[in-house]
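The values are calculated or read from the model by the stated rules, or taken from the named source; none is laboratory data. Bear in mind that the values here come from a model prediction, so they are computed numbers and not experimental data. So basically every Cβ, Gly included, is an ideal-geometry build from the backbone, and we count neighbours across all protein chains shown. We work out accessible area using only protein heavy atoms, side chains counted, and drop any ligands, DNA or RNA first. Shrake-Rupley method; radii C 1.70, N 1.55, O 1.52, S 1.80 Å.
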Amino acid sequence: MNKKIKNIFVEGPITPSSIAKSIENHQTKSMIGAHNIFLGQVRADIIGKKKIIAIEYSAQIEISNQLCHEIREAAFLKYDLTCMHIYHSIGKVKAGEICFFVFVSSSHRSPVFQSLEKIVNEIKDRLPIFGKEIFDDKTYQWKVNN
Amino acid sequence: MEIKLRYYGQLQEATGKSEEIISKHFSTIGQLNDYLMKSYPKLENHNYKIAQNNIIESYNNPLIGNRIDLLPPFSGG
C-alpha cells in the first residue's frame, strides 16, 4: 500500500463551504454509513488585558506531510475506515475561523468514533507546525500545545 | 561539507535568521548542535528537535545530511 503523499496544507482558513463540499463529495460513496468530523477553530483567548485575534501558522511542510502520511496509513491498517481527509491551515487564520479539519468515514459508527480522536491527537503531537498567536495590540506569543 | 540550516518559529528570533549555509564538518548531530549553541547563545533558552534530510534525529546520530532543520515545540491544531 504505497500511496502518494498528500499535501495537507491550505493557505489561510479552511472555509465552511469547502467542508460542506467535502461532505457532499461522499454522497456517491454509498457503502459509507458513518462520518465523523473534527474542526479546530482559532480561539480568542484573553491573556492579561490582551486578546488573541489570529494565529499565523508556519510548518516544516515536507516532514509534516510525511508524518501525516504515516499517521493516515497506520489508521487505515488499525481501523476499518473507508476514507480519511486531513487539512491544516498555513499562514494567518483569524479567531473564529477553522484551522484544522479531519474527516473520517466508515461503513459503521464504531471505527469513526474510535479513530478520530487518536488521529487528531497524533497530528497535534507529531507534526512540526508552529502557531504564532497575534494579539489585538499587534504583539504576539508562540502557541504552546497542552 | 556545505550544510543548509533552516530555523523555524521562535528559533528565527533566537538566531536572527530563517536560514543559512555553513561549510563545516561535524561527526554527529550533537556536535553540530554544540556549534550552534555557541554561535547563537539564545538557543539555550529554547527546546527544539533537529531534523536531517527531513527526518527527526537524535543527537547521537551521525551527521550525514546536508539539510538540517531546527524545530521548536510543535503547536499545530
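Spacing of the modelled spin labels on A:Thr139 and A:Ala34, each 7 Å from Cα toward Cβ, amounts to 4.8 nm.
Peptide A:56-62 shows a mean partner chain C-beta count of 4 within 10 Å per residue C-beta. Note that chain A shows a convex hull volume over its alpha carbon atoms of 112 Å³ per residue. Compared with the dominant principal axis of the Cα atoms in chain B, helix B:29-39 is inclined by about 60°.
Counting only protein chain heavy atoms and rolling a 1.4 Å probe, the accessible areas of B:Tyr40, B:Tyr7 rank, largest first, as B:Tyr40, B:Tyr7.
The residues of chain A present an accessible area of 56 Å² per residue when probed at 1.4 Å with all protein chains retained.
Hey, with R₀ at 25 Å, roughly what FRET efficiency would B:Ile22 and A:Glu56 work out to, going by the Cβ-Cβ distance, to 0.05? It comes out at approximately 0.35. When nucleic acids and ligands are ignored and a 1.4 Å probe is applied, A:Cys99 ends up with an accessible area of around 0 Å². With 25 Å as the limit, the listed pairs A:Lys49/A:Lys132; A:Lys78/A:Lys132; A:Lys50/B:Lys49; A:Lys132/B:Lys24 have A:Lys78/A:Lys132; A:Lys50/B:Lys49; A:Lys132/B:Lys24 beyond it between alpha carbons. In this structure A:Asp125 has an accessible area near 110 Å², from a 1.4 Å probe over the protein heavy atoms.
Counting Cβ atoms of other protein chains within 10 Å of each residue's Cβ and taking the mean over peptide B:62-75 gives 4.
Given a 1.4 Å probe, show me the residues in the stretch B:1-45 buried by at least 50 Å² of accessible surface when comparing the whole protein assembly to the chain alone. Residues meeting the cut-off: B:Tyr8, B:Glu13. Evaluate E = 1/(1 + (r/R0)^6) for B:Asn54 and A:Asn146, where r is the Cβ-Cβ distance and R0 equals 25 Å; express this FRET efficiency to the nearest 0.05. After rounding, the FRET efficiency stands at 0.40.
What residues from the stretch A:104-132 fall in the zone where the backbone N is under 16 Å from a label point 7 Å along the Cα-to-C-beta line of A:Ser22? The answer is A:104-106, A:112-113, A:115-124.
Among A:Thr28, A:Thr15, A:Thr82, which one shows the biggest mean-square fluctuation in a GNM of chain A, springs joining Cα atoms closer than 10 Å? It is A:Thr28.
At the nearest 100 Å², what buried accessible area, both sides summed, do you get for A and B when the probe is 1.4 Å? Its buried surface, counting both partners, is about 1500 Å².
Close amide H contacts of A:Thr15 (hydrogens built in the peptide plane, cut-off under 5 Å, sequence separation of 5 or more or a different chain): none are found. In chain A, Cα pairs under 8 Å separated by at least six residues give a relative contact order of 36 percent.
For the protein assembly as shown, the share of accessible area belonging to carbon and sulfur comes to 51 percent (1.4 Å probe, ligands and nucleic acids excluded).
Compared with the alpha-carbon gap, the fully stretched path from A:Glu117 to A:Glu70 is longer by 15.3 nm at 0.36 nm per residue.
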